[in-house]
1. Would you kindly derive the ³J(HN,Hα) couplings of segment 164-181 from the backbone phi angles with the Karplus curve 6.51 cos²θ - 1.76 cosθ + 1.60 (θ = phi - 60°), listing them in order in whole Hz, with x for Gly and Pro?
2. Could you check the simple spin-label distance between K90 and D104, using points 7 Å along Cα→Cβ, in nm with one decimal?
3. Shape of segment 98-162 from its Cα gyration tensor (a ≥ b ≥ c, root eigenvalues): rounded if a/c is under 1.5, otherwise prolate when a/b > b/c, or oblate?
4. Each residue of segment 46-51 in turn: what ³J(HN,Hα) in whole Hz from Karplus with 6.51, -1.76, 1.60 and θ = phi - 60°, glycine and Pro shown as x?
5. With a point put 7 Å past each Cα toward its Cβ, work out how far H177 is from D52 in nm, to one decimal.
6. What percentages make up the Cα-Cα pair-distance distribution of segment 45-181 when the bins are 5 Å wide from 0?
7. Provide the net charge surrounding L131, with neighbours chosen by a C-beta distance below 12 Å and charges set as Lys +1, Arg +1, Asp -1, Glu -1.
8. Given H placed on each backbone N at 1.01 Å, which residues far from L91 in sequence or on other chains put an amide H within less than 5 Å of it?
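Since every read-out is calculated from the coordinates, none of them should be taken as a lab result. Being a predicted model, the structure only gives us computed values, none of them experimental. Neighbour counts are summed over all protein chains in view; Cβ atoms, including those assigned to glycine, are modelled from backbone coordinates with ideal geometry.
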Amino acid sequence: MNTMLRKSVLGIAGLAFTGGVFAGPIAAHADARPVEGKPAAVAVQGAQSKIDLNDEQLANAKAIIAATKKAGLPERAAVISIATSLQESKLENLGHLGDANDHDSLGLFQQRPSSGWGTPEQITNPEYSTLAFLKGLKQVDGWQDMPLTEAAQTVQVSAYPDAYAQWEQQAADIVAHNWNS
């Protein structure tokens, strides 16, 4: 094989390889569409945490799902909301914790009255606090397609921006189990 032909063949092979490396991950997900009536599969990031939920925590998760539906948002918004609440409060509607309180953070999402989230009474109301969180989420361009932790962090502005990801699988399981109930 002459040098010119060999370089052309190797060049084309190199382009094909490079295209496969970069397009492969995209092509692998090209047909990954949710089955009608079923939530999209969750591509979780990193190690996952899980806690057993008591009746109060489960009721709060169901309140988040109901508020998400009321806002007309899809299951993905409920997953992000529940994962955020799992990180912020373990799905407990926290009142003022005295010296252990993070500034004036309250409720399921640890929202702060001093940051404009609402009054203490409002942000300790699960529906109100969820709708406030979702209002912030809707203002994040592309939230539906970004990693959960990035979407949550953009709304919450936490000192621990990557901590939300650990709750994605449990949040997705809670939503999948309770969305239609």
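1. Running phi through 6.51 cos²θ - 1.76 cosθ + 1.60 with θ = phi - 60° gives 5, 4, 5, 9, 4, 5, 5, 4, 5, 5, 4, 5, 4, 6, 10, 4, 9, 9 Hz.
2. 2.7
3. Values: a/c = 2.55, a/b = 1.50, b/c = 1.69.
Note, shape of segment 98-162 comes out oblate.
4. Taking θ as phi minus 60°, the curve returns x, 5, 10, 10, 8, 10 Hz for segment 46-51.
5. About 1.2 nm separates the two model spin labels.
6. Percent of Cα pairs in each bin: 2, 11, 23, 26, 22, 12, 3, 0, 0.
7. Values: positive: K69, K70, K135, K138; negative: E127.
Spelling it out: positives minus negatives among the neighbours equals +3.
8. Under 5 Å from the amide H of L91 lie the amide H atoms of L86, each far enough along the sequence or on another chain.
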